[in-house]
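*Asks:* My structure is below; once you've seen it, I'll send some questions.
All of the numbers you see were taken from the coordinates with simple rules; none came from a lab. Quick caveat, the model's predicted, so the values are computed rather than measured. Please note: Cβ atoms are built from the backbone with ideal geometry, for glycine as well, and neighbour counts cover all protein chains shown.
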Amino acid sequence: MRFSLLRHATLSLPLGMLASSLALAQGADVTSAPGQDQGVTSLGPIKVTAPTQTAAVPPFPATMVSVPVEKVEAAVNAVDVEDAVKYLPSVFIRKRNYGDTQPVLATRTWGVNASARTLVYIDDIPISALIANNNTIGAPRWGMASPEAIDHVDMLYGPFSAAYAGNAMGGVMRIVTRVPDKTEVTVKQTEAVQSFDLYRTHGNYSTSQTSLTAGGRSGELGWFFGANLANSFSQPLSMITGSTVPAGTRGTVPALNKLGQVANVYGAGGLLHTRMLNLNGKLTYALTPQWRLSYLAGYWSNDGQSRTDTYLVDGSGSPTFGKVAGFASNTYDVSAHHLMQALSLKSDTRGDYDAAFVVTHYAFLKDNQWSPAGVAAGTDVTTHGRIARYGGTSWSTADASGVWRPQGYGGAHEVSFGGHADRYELNNPTSNLAHWLDTDSITTLYSAGRGKTQTQALWLQDAWQWAPAWRLTLGGRYEWWKASDGYNFSGKTAVQQPTETAGGFSPKASLQWRLAPEWRLTGSLAKAIRFPTVGELYQLVSVGSTYVVPNPNLRPETVRSGELAIEHVLEQGLLRLSFFQEDTRDALISQTSSLPGVAAPVSYVMNVGKLRNRGAEFVAQKDNLLIQGLELSGSITFVDSTVVSNDSFISTVGTTSSGKHAPYVPRWRATVVATYRPNASWAFTAAGRYSGRQYSTLDNTDNTSHVFGAFDSFRVFDLRAHYQINEHLAASLGVDNVTNEKYYLYHPFPQRTYVADLKLSL
């Protein structure tokens with residue numbers, strides 16, 4: 001068996017991996033010789049028994065934590081790929097329901113509205129959707145990997161490597177996959193049932209998922225294919241509210257909104273039924289003993305319907321929508337088909353030079369959402385409606401990187417370098433429909449947003465082991481950025497947006513000192529530049545009753561980050577204490593406000609003068625604690641996130657944002673995971689996660705909790721029992737949110753959920 005959830009770099013990666021900074025090139029992996037997994041150094045069971053433990057040098061210049069797939073299978077009620085990292089330190093993925101299309105990644109210093117401030121890779125393939133920085137189309141494309149293809153997941157904290165773009169300011173997540181050496185087939189069936197009770201909506205919401213994978217090798221060819229089919233029913237994702245009691249109705253539930261204003265509840269919305277299909281495949285071919293060619297493809301299909309549950313009745317006692325428009329905006333159908341392809345060529349000579357070349361393309365073949373334009377009498381909606389489309393939206397990336405070892409493999413210097421190019425294109429028209437259920441009945445254009453961004457970059461980095469106990473990593477990255485072809489249309493007004501250009505240099509430095517065999521001290525400094533996404537610049541959509549308006553004049557945000565970490569290796573364990581600070585100028589923050597002269601709430605992105613995040617993170621992990629078979633890991637994170645200055649803030653109530661806590665960043669986070677393995681067949685896990693409350697407004701006026709739209713604190717505890725029945729069959733039973741915590745992160749989040757799975761391996 002492998003060791004605990006927090007397989008830290010100092011324990012989990014061999015020193016030899018250090019010899020390829022190519023692994024840092026946009027998330028690239030070190031390729032292996034023929035007959036081994038591509039891009040993966042396979043590790044057997046690890047048990048540290050020497051009297052004195054040694055803190056090995058990690059392949060990333062700053063803090064890195066890893067979770068192996070064996071731990072996920074034993075300890076995590078994992079239904080989707082993103083579930084694998086739910087207990088990592090300072091990491092939170094906003095997953096609202098099984099099959100969620102919007103599970104964004106939050107890190108130490110950035111919250112759930114910051115999808116473009118982290119990077120996520122499958123091996124060396126970026127799956128971050130840097131088309132936007134939001135919770136709608138900005139979430140990583142997790143479905144491009146099959147859960148059974150994962151070997152381990154690495155989390156790299158901060159923008160301290162020159163190999164990654166400025167979007168790494170929050171961190172980099174690398175999902176490392178495998179290709180089995182011999183033919184294997186797995187079939188897995190997962191069933192989940194959530195018991196939900198909120199206001200007058202009660203019910204059990206189920207998810208059924210079937211997964212099939214197959215992989216193996218034939219000579220120089222390696223292959224892996226996965227198929228995942230899910231049928232899911234979600235709890236309500238929104239509540240339909242208003243400030244009055246609709247005329248001629250009863251059944252309204254008195255309530256407030258996050259600002260403490262009257263927001264009576266008329267019913268539940270976003271009761272979403274989705275049917276999702278993920279197909280993915282990976283082919284590898286060893287051209288020579290040193291060079292390997294890989295092709296990855298992923299296809300994602302999603303069809304769903306959202307319906308409502310009204311609490312209102314008319315004078316005769318019949319259900320009614322009470323002419324509330326929110327019932328129409330929460331009634332919609334969706335249909336999407338996406339395709340991703342990637343090609344890579346990488347070498348692993350273990351000599352003086354290595355290189356890698358990677359190209360990717362992601363295309364929205366179809367992505368439509370359509371709904372009625374309004375409500376009619378009773379529980380009817382209007383015949384006509386609108387359709388929002390993303391077809392034609394796409395992005396492409398290209399990376400070339402190399403490594404030079406002047407003193408040979410394992411020498412004092414390892415110089416890595418590379419170039420990067422990307423292009424993101426948004427196409428998002430909304431059209432009127434004569435019949436809202438007929439997507440071919442398009443009449444006129446209602447609104448539109450489109451445009452392009454492109455970035456080129458060059459980077460250089462040298463890792464210098466200038467003494468046995470000292471290692472210095474210096475690097476820099478220069479980026480050129482351009483936004484063009486911006487166009488917006490609303491009503492009768494069309495605007496051709498101006499072309500914008502920007503660029504900048506981002507230096508990096510990290511110094512590691514092994515002050516004793518079992519102790520290491522690491523100090524890191526870095527600058528990072530994040531350029532506006534094409535969505536922040538040009539996207540024009542309506543989300544419920546709120547309109548998202550573009551801002552084509554946004555400036556890039558600049559981050560200066562620092563971290564001081566001290567690590568102590570224990571026998572079969574690790575302690576780490578990290579202090580970090582991050583100063584962000586011109587931070588790109590989305591704010592929703594009721595502006596003077598504008599009837600509906602408006603969401604817009606602004607440049608905030610300066611944000612400061614400073615805090616500390618403590619991580620501990622120990623195997624065989626007190627008794628044989630007991631694994632314990634946990635973390636606690638404190639962040640003081642402050643808006644230092646913000647002259648551009650617009651307040652309608654006379655408040656200021658300066659000195660306030662930054663939106664979406666909780667002050668405290670904590671995780672704890674305990675797994676007991678009485679023998680090789682059984683694993684019993686209890687885990688908990690805590691997050692403090694968050695603000696979603698720059699002036700912190702959202703001070704009412706446990707209401708729709710609020711961002712509450714939460715304490716969620718999970719249980720899981722895993723039984724390896726025999727070599728081929730395994731079963732698990734678990735409960736998420738066992739205490740039935742009821743909380744909102746804008747949306748009502750899942751309540752107590754039972755999860756069971758059965759896996760057959762051949």
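*Asks:* As an exercise, find the ratio Rg/Rh for the range 441-556 from alpha-carbon atoms, using the Kirkwood inverse-distance average for Rh.
*Replies:* Rounded to two decimals, Rg/Rh equals 1.27.
*Asks:* Out of every Cα-Cα pair in the range 461-521, what percent are more than 15 Å apart?
*Replies:* Here the long-distance tail beyond 15 Å is 69 percent of all Cα pairs in the range 461-521.
*Asks:* Mind checking which of PHE327, VAL262, ASN278 is farthest towards the positive end of the range 256-337's charge dipole, using Cβ charges of +1 (Lys, Arg) and -1 (Asp, Glu) about the Cα centre?
*Replies:* It is ASN278.
*Asks:* Rg and Dmax in Å for the range 493-533, alpha carbons only: what are they?
*Replies:* Here Rg and the maximum Cα pair distance are 20.6, 68 Å.
*Asks:* Also, I was wondering about something else. Does anything in the range 385-405 have its amide N under 17 Å from the 7 Å Cα→Cβ label point of TRP480, and if so which residues?
*Replies:* 398-400, by backbone N distance to the label point.
*Asks:* How about LYS366: which lysines have a C-alpha closer than 28 Å to its C-alpha, ignoring those fewer than 8 places off in the same chain?
*Replies:* By straight Cα distance, LYS366 reaches LYS95, LYS282, LYS452, LYS482, LYS492.
*Asks:* Still on this structure: Within the range 273-306, which residues have the backbone N less than 19 Å from the label spot 7 Å out from VAL185 along Cα→beta-carbon, could you tell me?
*Replies:* Counting backbone N atoms under 19 Å from the label point, the list is 279-282.
*Asks:* While we're here: Please compute one quarter of the surface area of the Cα convex hull for the range 181-254 and express it in square nanometres.
*Replies:* Approximately 8.1 nm², given one-decimal rounding.
*Asks:* Where the eigenvalues come from the Cα gyration tensor of the range 612-762, what are the semi-axes √(5λ) of the equivalent ellipsoid, largest first, in whole Å?
*Replies:* Equivalent ellipsoid semi-axes, largest first: 41, 19, 11 Å.
*Asks:* Got a sec? How would ILE125, ILE137 order by Cβ neighbour count within 10 Å, fewest to most?
*Replies:* So the ranking, lowest neighbour count to highest, is ILE137, ILE125.
*Asks:* Which whole-number percent is the relative contact order of the range 373-516 (Cα, under 8 Å, 6+ apart)?
*Replies:* 19
*Asks:* Step by step: find N for the chain, compute 2.2 N^0.38 Å, then divide the Cα radius of gyration by it. What's the final number?
*Replies:* 0.93
*Asks:* Using just the alpha carbons, could you tell me how many Å³ per residue the convex hull of the range 260-380 encloses?
*Replies:* So the per-residue Cα hull volume is 164 Å³.
*Asks:* Can you give me the three principal axis dimensions of the range 676-762 from its C-alpha atoms, in Å, biggest first?
*Replies:* 57, 23, 21
*Asks:* Apply 1/(1 + (r/R0)^6) to the Cβ-Cβ distance of ARG307 and VAL262, taking R0 = 25 Å, and write down the FRET efficiency to the nearest 0.05.
*Replies:* 0.45
*Asks:* Another question about this same structure. Any chance you could check the Cα centroid distance between the range 215-261 and the range 387-403 for me, in angstrom?
*Replies:* If we compute the Cα centre of each part, the gap is 26 Å.
*Asks:* Give me the percent relative contact order of the chain, please, defined on Cα pairs under 8 angstrom at least 6 residues apart.
*Replies:* 12
*Asks:* OK, next. Expressed in whole Å with the largest first, what are the equivalent ellipsoid semi-axes of the range 359-398 derived from the C-alpha gyration tensor as the square root of 5 times each eigenvalue?
*Replies:* 36, 6, 5
*Asks:* Taking the simple approach of a point 7 Å from Cα along Cα-to-Cβ for both TRP466 and HIS435, what is their distance in nm?
*Replies:* Taking the two extended label points, one gets 7.5 nm.
*Asks:* Assign unit charges at the C-beta atoms only (+1 for Lys and Arg, -1 for Asp and Glu), then state the dipole size of the chain relative to its Cα centre in Debye, rounded to the nearest 20.
*Replies:* 960
*Asks:* While we're looking at this one, here's another question. How much of the calculated P(r) for the range 91-167 lies past 14 Å, in percent of all Cα pairs?
*Replies:* Across the range 91-167, Cα pairs with separations above 14 Å total 62 percent.
*Asks:* Continuing with this model, one more query. Expressed as a whole percent, how much of the Cα-Cα distance distribution for the range 132-244 exceeds 21 Å?
*Replies:* The calculated P(r) of the range 132-244 puts 63 percent of pairs beyond 21 Å.
*Asks:* Which FRET efficiency value, to the nearest 0.05, do you get for SER603 and ASP352 by plugging their Cβ-Cβ distance into 1/(1 + (r/R0)^6) with R0 = 60 Å?
*Replies:* In this case the efficiency is close to 0.70.
*Asks:* Placing unit charges on C-beta atoms (Lys and Arg positive, Asp and Glu negative, everything else neutral), compute the dipole magnitude of the range 474-591 about its Cα centre in debye, rounded to 20.
*Replies:* Here the range 474-591 has a charge dipole of around 220 debye.
*Asks:* What does the C-alpha gyration tensor say about the overall shape of the range 73-217? Classify as rounded when a/c is under 1.5, otherwise prolate if a/b is larger than b/c, or oblate.
*Replies:* oblate
*Asks:* Follow-up. Determine the gain in length on full extension of the stretch THR704-THR244; use 0.36 nm per residue of separation and subtract their C-alpha separation, reporting nm with one decimal.
*Replies:* 163.7 nm
*Asks:* In what sequence do LYS622, LYS492 fall when counting other Cβ within 10 Å, fewest first?
*Replies:* LYS492, LYS622
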